[in-house]
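A short write-up of the structure that comes next.
Since every read-out is calculated from the coordinates, none of them should be taken as a lab result. Here the structure is a predicted model, which is why all the values come from computation and not from measurement. Glycine also receives a Cβ, built like all others from the backbone with ideal geometry; neighbour counts cover every protein chain displayed.
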Amino acid sequence: MPTPVDVLERRIDELRVAVRQAVLAGDRAQATALRAELRRAEREWDDALDEFADQTPVPPLLPIRDQVHNALTLLGVPAAPKLLIAVHEAFFAGEIVGARLTSLRRDEERSFRAAPRQRPYYLCSALTADLLAPARGLLAVSTWPLDRRIVGPLSARVDFLTAAIRIAEQAERHPGAERLLRRFAVNIPGATDSSFADVKPEVVVRAARAELAVHEGADRSHREAAAERARTQLDDAAQLFGSRELQRT
Amino acid sequence: MTSPERLRGAAAPKSHNARTIAALTTNPGCSRRAVMDAAGIDKERLAAYVGFPARFGQSQFAITRGNVFEAQLKADGCAELLRLLREVLGLPIPQVSYDDLESVDQLDARADRSRELLTRAAGGESGTLFDHPLLRLEVGGRWVYLEPDLIALQFGGTFYVVEIKSFAVIDGQADGTKVSAAATQAAVYVLALRRLLAEAGHDPGLVSHEVVLVCPENFSNRPVATLVDVRKKLSVLERQLARMARIDPILESLSPDLTFDLRPDSSGVPQRPVAELVDGLGQIDARYSPECLANCELAFFCRHEARGTTASLGKSVREELGGVPSVDLALSLASGAVAPADDQEEAAAMLRFAAQLRSECLS
């Protein structure tokens, strides 16, 4: 599809030819009118070009793995790319390009397997508690204790509540995070007042802690048992990026 | 007597899903559809080849919209879904366990794992939400894997099917046909889930006949959940599935050399003469009604075939004009040109009255 700039360029070419023909034919009135139109088209072309320059994305200040690491460190729990993008947008400068997240984990795994433990941290998988396989769509940080990277049946909720607490604690200093916090608050019982009008971080923290207390004990025992199993059964790389071998047993 | 394999010919059988199984129940009287589905014939291809391509299918936009809505509900450990279930079913706070059964790759391993986890939950052990369980159902003597975008919910010893749909509920009202279609699909899952538990020696009654239907509310993306009773759908479905297992009497009446093999050549282009196929289709009775257009790939062929019959005008006309098969006969009865037989007396009186009204209105 031709962009407006393409259309304008074609129009300018046509007008130049028309002006030349008018001058050669001695039609001065026509030539003046066409010249005016040519100037106008050229001005529009300049404006369109400026707009184009505005659209080109500014490259992010940090490499994507650092951006993701920042967001994950703030949350403190394994998280899906979508949440990481939202957290980064609310708390940090710059923008995570979603499309680049898809290959990130694979790149990290390749880098680890080629030269293990050369980097201070790796972005790795969360592991499912029963099969120790990589949990779908969850990213974690290799420096976290193994049991924090395990996802048991209750962990999705526990991680959600933990993330809500972490976000609420940070939200006071970041006014931009209110929308993100509201998204969490509406799904935690007692975290919002009846009108949903105002989300108070301290209320969210209290409500999330209350629900967390219900699940925490059972979840921790699941995770610790699975982490123990992972330590004895899996090699270094599989402990970080998950095993695909246990599925068939 | 012929066999489903012979009818299908060399082509690979077309697999069922909840949508096709649900479509089966909308016109249980149609032998043609029953035979075609039992034999696993690719109806869409057949219809296109005989010159009546189906002009429907699921819109790509609708599919994308559905996926986005589902992802939104399931994000962050099913946070939104849990809130809804707590509101609608009174799900207790401690019940938040979530198992994603899709994390296993192989189909049979997934089915095994689904069975293991679901029966364990039925045995009274923990487990609340089960995402993407892989269920099996026997349809026409073949096992069909159902890969549902559903969540099975277990609480208080009862299982519920949670069906997420992206059509809107506006002012508490939703499109009746869509709700009905969703309920039928959910009924397929309820049935499959019941069979799974029954096989494992549990009471199939553990699966509730009420399903949780989750839809967007009004014009927003805010989800709303309602309980839908699918008992009626379940009984229709069970009857229809039992009927498919008893497809033999219909097959017996067909000639033994009947087949719908398209005889594709090496490049996959069908070589079978169209007239032969049309003739073959004519051997199996169809029961066309206008609703078929939304459900069956062969509908345009059947509509063409049923032209001039009173049945093609819809179910209400067919019922009113029982015993009057064609439109021509109905017109002759109305004008008095043909004397009605005994069983046509009632319909003929009505037709004559209607003709009289019409002539009075237009004169």
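Protection proxy ranking, highest mean first, for peptides B:345-351, A:78-84: A:78-84, B:345-351, where packing is the per-residue count of other beta-carbon atoms within 10 Å, averaged.
Separation of region B:89-136 from region A:117-186 is 23 Å, based on Cα centroids. Within 10 Å of the Cβ of each residue in A:147-156, the mean number of Cβ atoms contributed by other protein chains is 4. Between region B:283-341 and region A:59-115, the C-alpha centres lie 63 angstrom from each other. Residues B:T128, A:T232, B:T26, arranged from fewest to most other Cβ atoms within 10 angstrom of their Cβ, appear as A:T232, B:T26, B:T128. Summing +1 for each Lys or Arg and -1 for each Asp or Glu among the other residues whose beta-carbon sits under 12 angstrom from that of B:R318 gives -1.
Per-residue ellipticity at 222 nm from helix content only, as computed over chain B with -39500 (n - 2.57) for each DSSP H run of at least four residues, stands at -14500 deg cm²/dmol. Centre-to-centre separation between the Cα atoms of region B:170-194 and those of region B:223-248: 10 Å. Computed about the Cα centre, the dipole magnitude for region A:4-55 is approximately 520 debye when only Lys and Arg (+1) and Asp and Glu (-1) carry charge, each at its Cβ. For chain A, the mean residue ellipticity at 222 nm estimated from helices alone is -20000 deg cm²/dmol, where every DSSP H run of n ≥ 4 contributes -39500 (n - 2.57) and the total is divided by all residues, rounded to the nearest 500. The phi torsions of region B:292-303, fed into the Karplus equation with coefficients 6.51, -1.76 and 1.60 and a -60° offset, translate into couplings of 4, 4, 8, 10, 10, 5, 8, 4, 5, 5, 5, 5 Hz, rounded to whole numbers, with Gly and Pro shown as x. When the listed pairs B:K165/B:K315; B:K165/B:K233; B:K233/B:K315; B:K14/B:K232 are checked against a 21 Å cut-off, the alpha-carbon distance exceeds it for B:K165/B:K315; B:K14/B:K232. Over region B:188-277, the Kirkwood radius and the radius of gyration, each from Cα atoms, give a ratio Rg/Rh of 1.22.
Comparing A:E14, A:E228, A:E172 in a Gaussian network model of chain A (Cα springs below 10 Å), the most mobile by mean-square fluctuation is A:E14. Close amide-amide hydrogen proximity is noted between A:I150 and A:L127, each under 5 Å apart and 5 or more residues distant or on a separate chain (H modeled in the peptide plane; Pro and chain starts excluded).
Could you give the length gained on full extension between B:A10 and B:L227, defined as 0.36 nm per residue of separation minus the Cα-Cα distance, in nm?
Taking 0.36 nm per residue and subtracting the Cα distance, the gain is 73.7 nm.
Label positions at B:E252 and B:S267, each projected 7 Å from the Cα along the C-beta direction, are separated by 4.6 nm. Report, by chain and number, residues whose modeled amide H sits under 5 Å from the one on A:C124, excluding near sequence neighbours (fewer than 5 apart, same chain). The list, which skips near neighbours in sequence, is A:A140, A:V141, A:S142. For chain B, the dipole from Cβ point charges (+1 on Lys and Arg, -1 on Asp and Glu) about the Cα centre works out to 240 debye, to the nearest 20. Here the spin labels are modelled as points 7 Å beyond Cα on the Cα-Cβ line, and at B:R120 and A:Q30 they lie 8.7 nm apart.
Karplus-based coupling profile of region A:96-102, in residue order and whole Hz: 8, 7, x, 4, 7, 6, 5, with θ = phi - 60° in 6.51 cos²θ - 1.76 cosθ + 1.60 and x standing for Gly or Pro. Which shape class, rounded, prolate or oblate, goes with chain A when its Cα gyration tensor gives a ≥ b ≥ c as root eigenvalues, a/c under 1.5 marks rounded, and past that a/b bigger than b/c marks prolate? It comes out prolate by the Cα gyration axes.
Of the residues A:A225, B:A200, A:Q30, the one whose Cα sits farthest toward the positive end of the charge dipole of the protein assembly as shown, with +1 on the Cβ of Lys and Arg and -1 on the Cβ of Asp and Glu, is A:A225. Remark: B:Y145, B:Y98 ranked as B:Y145, B:Y98, counting other beta-carbon atoms within 10 Å and listing the fewest first. Taken along the Cα-to-beta-carbon direction at a fixed 7 Å, the label points for A:R220 and A:R244 span 3.6 nm.
List B:C296, B:C302 from most exposed to least, where exposure is judged by having the fewest other Cβ atoms within 10 Å.
B:C302, B:C296
Using θ = phi - 60° in the Karplus curve 6.51 cos²θ - 1.76 cosθ + 1.60, the 3J(HN,Hα) couplings for region B:251-261 round to 5, 4, 7, 8, 6, x, 9, 6, 8, 10, 5 Hz; x is entered for Gly and Pro. The mean number of Cβ atoms from other chains found within 10 Å of a Cβ in peptide B:87-96 is 3, as a whole number. Across peptide B:77-84, the mean count of Cβ atoms from other chains lying within 10 Å of each residue's own Cβ comes to 5.
Among complete DSSP H helices in chain B, those whose alpha-carbon atoms stretch at least 18 Å along the helix's long axis and whose mean Kyte-Doolittle hydropathy reaches 0.0 are B:60-88, B:176-199, B:345-362.
Close amide H contacts of B:V224 (hydrogens built in the peptide plane, cut-off under 5 Å, sequence separation of 5 or more or a different chain): B:C215, B:E217. Take every Cα pair under 8 Å whose residues are at least 6 apart in sequence, average their separation, divide by the length of chain A, and the relative contact order is 18 percent. Of the chymotrypsin sites (Phe, Trp or Tyr not before Pro) found in region A:155-219, those in coil by DSSP whose Cβ has at most 13 other Cβ atoms within 10 Å are A:F196.
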